[in-house]
1. So how many residues does segment 183-211 have that are surrounded by 13 or more Cβ atoms within 10 Å (Cβ to Cβ), part of a loop (DSSP other than H, G, I, E, B) and charged (D, E, K, R)?
2. So R180 fits all but one of (1) of a type outside the set (F, W, Y); (2) surrounded by fewer than 18 Cβ atoms within 10 Å (Cβ to Cβ); (3) closer than 30 Å to Q71 by Cβ; what number is the exception?
3. Quick one: H155 ticks every box in (1) surrounded by 13 or more Cβ atoms within 10 Å (Cβ to Cβ); (2) modelled with pLDDT of 90 or more; (3) more than 16 Å from L262 (Cα to Cα) except a single one, so which number is it?
4. Output yes when any residue across segment 222-230 is among the small types (G, A, S), closer than 20 Å to S123 by Cα and modelled with pLDDT of 85 or more, and no when none is.
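The values are calculated or read from the model by the stated rules, or taken from the named source; none is laboratory data. Here the structure is a predicted model, which means the values were calculated and not measured. Quick reminder, even Gly has a Cβ in these numbers, built from the backbone with ideal geometry, and neighbours come from all protein chains shown.
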Amino acid sequence: MQQTVDDFLDYLKTERQLSHNTLISYRRDLLQAQEYFKDQGIEYWEQLNSHQIRTWVAYQHRTGHSGKTLQRQLSSLRRLFEYLIREQKIKHNPVKGIPAPKSGRKLPKAPNIEQLDQLLTESEQDVYHIRDRAMFELLYSSGLRLSELVSINLHDIKRREQQLRVTGKGNKERELPVGRKALEALEKWLKVRGNLAKPNEPALFVSRFGTRITPRAVQQKLEQLAIEKGLPIHLHPHMLRHSFASHILESSGNLRAVQELLGHADISTTQIYTHLDFQHLAEVYDKAHPRARKKG
């Protein structure tokens, strides 16, 4: 098995001219697989069949390898067997059609309530700080996507009704509530917006050039403000959307309502996107379940 790996890597180096780092990655993956199969009493790569490959994948997954890692390892094995077919040592590739287990989607980290209070507390009162605070209050208040925030026009804000109309993915419109703090921040911004905005500019939020602010500018402003406020986390706008979803769900437990507010077409997206911390769930269970309630 070792000689086959060496010949294969030499082929990749000389004929395919792959980089040194790529060759190291191939070697690492193949030697790990080789060690496992040798322990199973297999002496030659040509002896392997699809069932044995699947068993190895299952073992790797059980021992903590991620779907992404297994995908790479399977790719390395697949290329090795393609080489063996090329050398006419085997006729079929036993790795063909074997998928790697899917990796779980990671939840985006989100600032907690104390960190958000620290971030959104008023500080300097120049026009840019007033604009930035209004943007970030609105992101957190209404759970907006960054693209939705920068697309808002003046006529989308219904101040009397305390509502906001946004256009989300697939050009789907939805009406969202706007919280008291966000409304207060918006009122302050609207009083000074004319100092920046060009005449007839429809965008609610504008840059120093007087035109609609860009997504990248919002990202940079949030990163800068987080540093100014001394927050120990690297902030980006999506994290405020996640905080909104998490905090609403923790307080209400109403997944369908959060789905509507976020504008998710599929509730499975909301289930992955938001999470309830276990302590909160345990408290709800203890208070609500007939078999869990303590006797008075």
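1. Counting residues in segment 183-211 that are surrounded by 13 or more Cβ atoms within 10 Å (Cβ to Cβ), part of a loop (DSSP other than H, G, I, E, B) and charged (D, E, K, R) gives 1.
2. Going through the list (1) of a type outside the set (F, W, Y); (2) surrounded by fewer than 18 Cβ atoms within 10 Å (Cβ to Cβ); (3) closer than 30 Å to Q71 by Cβ, R180 breaks only (3).
3. (1)
4. yes
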